[in-house]
Amino acid sequence: MLDKIFFYLQYPFVRYAIIVGVLISLSSSLLGVTLVLKRFSYIGDGLSHVAFGAMAVATVLKLSDKMLLILPVTVICAVLLLKTGQNAKVKGDAAIAMLSVGSLAFGYLLMNIFSTSSNLTGDVCSTLFGSTSILTLTLNEVILCAVLSVVVMGIFIFMYNKILAVTFDETFAKATGVSADFYNTITAVMIAVIIVLAMNLVGSLLISALVIFPALSAMNVFKSFFKVTIASSILSVICAFVGIMISILAGTPVGSTIVAADVFVFLLSFAMGKKK
Amino acid sequence: MSLLTVKDLTLGYNSGSIIENLSFTVNEGDYLSIVGENGSGKTTLMKSLLHLQKPLGGEIIVSNDLKANEIGYLPQQTVLQKDFPATVKEIVLSGCQSHMGYRPFYGKKEKALARENMELMGILDLEKRCYKQLSGGQQQRVLLARALCATRKLLLLDEPVAGLDPKVTIEMYETIKSLNEKGITIIMISHDIAAALEYSSHILHIGKTIFFGTKKDYLCSKEGQSFTGKEKIYA
């Protein structure tokens, strides 16, 4: 089997897939911890559907670089969603649900009406489930992805202590002069960037799995914020790597294989947590 | 010396005011209890003192020695915190954020401060324990230690004994008292009128009528008598 793995690693597209997979799973799991603790697990799901809608619009407009539309739209929605949490005319969870199904429906509608492709179902399916798009990445996409995820990780490390303070107790943080709103906005922007990047990896339906599963698995076993953060990123990277390898060897879809690995690890950690 | 002066304060939301023309002064070393019925605006007042909510009118004057980020705050616990994976040390350290600015990591000074406050609260041996596994009283001590990391001048406590059993409640009050004796000014929201009368030096009663004054005056006042349920006090 090792021979086979090394054989595949000779191909650049396999190496690209692994680089992108590891980077995205690492940065999504870092942000996952604070999102899960803030009860915002669902935001990943909502935003990924927004990204899907934006992607449909970009396809219809025949934009050469779809990222130019998808990224800003998703970032704006992320900031708006995290803001509505506070002054609630539409409650946070309802707002996410509305935006999420709304953009999913409009995205599909647009693609259906304006699409020139002969294989519409295939197009939609690969956007939703990622299927093979991670194996067809170009070098430019890999570089963009690497730069953005390294930036996200860098910001996370520098803001780590503030994120802990704001996540644990926003009121206290604000009362003692920490600009919690600023850090919340940055977190929202980072999560939007990661979600747009992750669309290539697992498709827009499965993204929230990358965000929440590693964090939840780590929380089952570890009791300090630092250990949870570290464990979450390690688990996430292992799952992504193993998932990609299995999918190449066994010919299974990449996204769902990675998520299946995440679910498996979660069940293991749950059993371990119960034992203690 | 006055630390905090509140002048003709009107509090409330867009829909209307809850408290009108509230004035009082907190001097250094005071122990002020804020009492009143549910919905009388105690928590709103607290939020305004912390600059979390803008008052509809009037002003809150803070002494020159007291910067905005020098108020330690003990909030009521949220559901979210009940299962938060963090150690005692991590949480106490987070109180130091107020003087960190944009500096990303804690230095020796912050670690020493956190240690000192954990020692003061008697939780140094719990340092590495997980917050969610502690008892209610221990959790409150952790949050107090965190508040002390933010300041050593003024502590605002929002119902610090809510949900604690009677024995731990007394311990908590004794701890707060000892902090006050060390010179830390205390402002406490309380439902527990008996304890407020036992421990504090000043009382602010808000409701249909407002009373502010020393404990002794309060007991003789109309508000005090109706709230304590005693017709006559032989003080």
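Is it the case, given these coordinates, that B:VAL88 is aliphatic (A, V, I, L, M), within 12 Å of another protein chain (Cβ to nearest Cβ) and within 18 Å of B:ILE176 (Cα to Cα)?
Answer is no for this residue.
Which of the residues belonging to the stretch B:85-113 are in contact with a helix residue (DSSP H, G or I) (Cβ under 6 Å, 6 or more places away or on another chain) and under 29 Å from B:LEU45 (Cα atoms)?
Correct list: B:ILE91, B:VAL92, B:LEU93, B:SER94, B:GLY95, B:CYS96, B:GLN97, B:SER98.
For the stretch B:134-158, what are the residues that are within 14 Å of chain A (Cβ to nearest Cβ) and surrounded by fewer than 20 Cβ atoms within 10 Å (Cβ to Cβ)?
B:LEU134, B:ARG152, B:LYS153
Rundown of residues vs (1) surrounded by 15 or more Cβ atoms within 10 Å (Cβ to Cβ); (2) within 25 Å of B:ASN117 (Cα to Cα); (3) not acidic (Asp, Glu), yes/no style:
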{"site": "B:GLY12", "(1), (2), (3)": "yes, no, yes"}
{"site": "B:VAL26", "(1), (2), (3)": "yes, yes, yes"}
{"site": "B:TYR31", "(1), (2), (3)": "yes, yes, yes"}
{"site": "B:LYS47", "(1), (2), (3)": "yes, yes, yes"}
{"site": "B:LEU52", "(1), (2), (3)": "no, no, yes"}
{"site": "B:TYR73", "(1), (2), (3)": "yes, yes, yes"}
{"site": "B:THR87", "(1), (2), (3)": "yes, yes, yes"}
{"site": "B:VAL92", "(1), (2), (3)": "yes, yes, yes"}
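Filter the stretch A:251-276 for residues that are small (Gly, Ala, Ser), modelled with pLDDT under 90, over 15 Å from A:VAL211 (Cβ atoms) and touching a helix residue (DSSP H, G or I) at 6+ places or on another chain (Cβ under 8 Å) and give the result.
Hits for the stretch A:251-276 are A:SER256, A:GLY273.
If B:VAL79 passes every condition in (1) more than 19 Å from the chain's Cα centre (by Cα); (2) of a type in the set (A, V, I, L, M); (3) buried (at least 21 other Cβ atoms within 10 Å of the Cβ); (4) under 26 Å from B:SER190 (Cα atoms) but one, which one does it miss?
So B:VAL79 meets the others, but not (3).
Which one of A:VAL20, A:VAL36 is more than 22 Å from A:LYS83 (Cα to Cα) and either in a helix (DSSP H, G or I) or touching a Ser or Thr at 6+ places or on another chain (Cβ under 8 Å) (or both)?
When all the criteria are applied, what remains is A:VAL20.
Kindly indicate whether B:LEU56 is touching a helix residue (DSSP H, G or I) at 6+ places or on another chain (Cβ under 7 Å) and farther than 29 Å from A:ARG39 by Cβ.
When the stated conditions are applied, B:LEU56 does not pass them.
Please enumerate the residues belonging to the stretch A:199-218 that are within 14 Å of chain B (Cβ to nearest Cβ) and surrounded by fewer than 24 Cβ atoms within 10 Å (Cβ to Cβ).
A:LEU216
How many residues does the stretch B:150-174 contain that are of a type in the set (D, E, K, R) and at positive phi?
Within the stretch B:150-174, residues that are of a type in the set (D, E, K, R) and at positive phi number 1.
Being within 15 Å of the chain's Cα centre (by Cα) and either crowded, with 24+ Cβ neighbours inside 10 Å or not in a helix (DSSP H, G or I) (or both) is the filter here, so list the residues in the stretch A:236-258 that pass it.
Within the stretch A:236-258, A:SER236, A:CYS239, A:ALA240, A:VAL254, A:GLY255, A:ILE258 meet the criteria.
Examine the stretch A:189-210 for a residue that is farther than 24 Å from A:SER100 by Cβ and under 21 Å from the mean Cα position of the chain (by Cα), and state whether such a residue exists.
No, because not a single residue in the stretch A:189-210 is farther than 24 Å from A:SER100 by Cβ and under 21 Å from the mean Cα position of the chain (by Cα).
For residues that are within 14 Å of chain B (Cβ to nearest Cβ) and either at pLDDT 85 or above or closer than 22 Å to A:PHE158 by Cα (or both), tally how many sit in the stretch A:1-39.
The number of residues fulfilling the criteria is 7.
Between residues in the stretch A:30-58 that are over 18 Å from A:ASN161 (Cβ atoms) and residues that are among the acidic types (Asp, Glu) and modelled with pLDDT under 85, which pairs lie under 8 Å by C-beta distance while being six or more apart or on different chains?
A:TYR42/A:ASP93
The values are calculated or read from the model by the stated rules, or taken from the named source; none is laboratory data. Remember, it's a predicted structure, so these values are computed and weren't measured experimentally. Virtual Cβ from ideal backbone geometry, glycine too; neighbours counted across all protein chains shown.
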